[in-house]
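J.: Please read through the structure below; I'll follow up with questions.
The values are calculated or read from the model by the stated rules, or taken from the named source; none is laboratory data. Please read these numbers as outputs of a predicted model, since none were measured by experiment. Cβ atoms come from the backbone with ideal geometry, glycine included; neighbour counts cover every protein chain shown.
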Amino acid sequence: MNNSAANAGRLIWAGLRALLVLTVITGVLYPLAVTGIAQVAFHDKANGSEIKDAGGKVVGSELIGQTYNLPVKEGEETAAPDLRWFQPRPSNGLGSNSVNTQYAIILSGATNRSGDNADLIQWVKDAKAAVIKDNSTADHKVKPSDVPAEAVTSSGSGLDPHISPEYAKLQVHRVAEKNDLTVAQVEKLVADHTDDRILGFIGEPRVNVLQLNIALGQLADKG
């Protein structure tokens, strides 16, 4: 009986020692090592790929899109876009960002509607009409054929931070007019903030809307 109790005691103590050692290794040392390596080797990505404005204030993430809307007026159900800024893909899930002063995620997700859904078809038609109207200026008219697909459809997550160079260029005349800049200045801004395919062949060229608008704000302030 005494031997059985002693053996049980040794087994319990061995189990507790193993638990303590594994807790220290997997619960303390390993997370600290991974965190340390991430902070040294991938500091920006490890901290959420944060984007800062000219004053050093964090205004969002490189990985999550934002809207640029005017304050909702009395009687309005949805906010109108602030046409001084480059606009992202349409989505009800993006956080609000007016002149980079606030950032709040509302929700994430797609519409889950099929391509022949009547509501989706109408949303796309309305979005296309709005893109044409908003981006046509006195000396530049946008044609329906100029409107790329991502200008009127949301991404699967609803949080896509990028638009195509084509959609960014479509907005150049309107942005230039609203900010008292030349078309050439804004075209150069888009070109400077267009990222090529990863490794030259993965994905498509893209423009991060938040980074582009931060640069636009700086350029407009100088002008």
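J.: Out of region 150-195, which residues are in contact (Cβ under 8 Å) with a residue 60 or more places away in the chain, among the small types (Gly, Ala, Ser) and farther than 14 Å from GLY65 by Cα?
T.: Answer for region 150-195, where residues must be in contact (Cβ under 8 Å) with a residue 60 or more places away in the chain, among the small types (Gly, Ala, Ser) and farther than 14 Å from GLY65 by Cα: just ALA168.
J.: Please verify whether region 146-158 includes one or more residues that are farther than 23 Å from ARG113 by Cα and in a helix (DSSP H, G or I). Please lay out each step first, then the result.
T.: Restricting attention to region 146-158, the residues satisfying the condition of being farther than 23 Å from ARG113 by Cα are 146.
Retained after the next criterion (residues that are in a helix (DSSP H, G or I)): 146.
For region 146-158, residues farther than 23 Å from ARG113 by Cα and in a helix (DSSP H, G or I): present.
J.: Give ARG84, ARG89, ARG113 a once-over and let me know the one that is under 29 Å from PRO148 (Cα atoms), at pLDDT 85 or above and touching a Leu at 6+ places or on another chain (Cβ under 9 Å).
T.: ARG84
J.: For region 41-83, what are the residues that are among the acidic types (Asp, Glu), over 21 Å from VAL175 (Cα atoms) and in a loop (DSSP other than H, G, I, E, B)?
T.: If we filter region 41-83 for residues that are among the acidic types (Asp, Glu), which is where we start, we get 44, 50, 53, 62, 74, 76-77, 82.
Remaining after also requiring over 21 Å from VAL175 (Cα atoms): 44, 50, 62, 74, 76-77.
Result: GLU62, GLU74, GLU76, GLU77.
J.: Can you tell me how many residues within region 169-203 are assigned to a loop (DSSP other than H, G, I, E, B), among the charged types (D, E, K, R) and either in contact with a helix residue (DSSP H, G or I) (Cβ under 9 Å, 6 or more places away or on another chain) or buried (at least 20 other Cβ atoms within 10 Å of the Cβ) (or both)?
T.: Total satisfying the criteria: 1.
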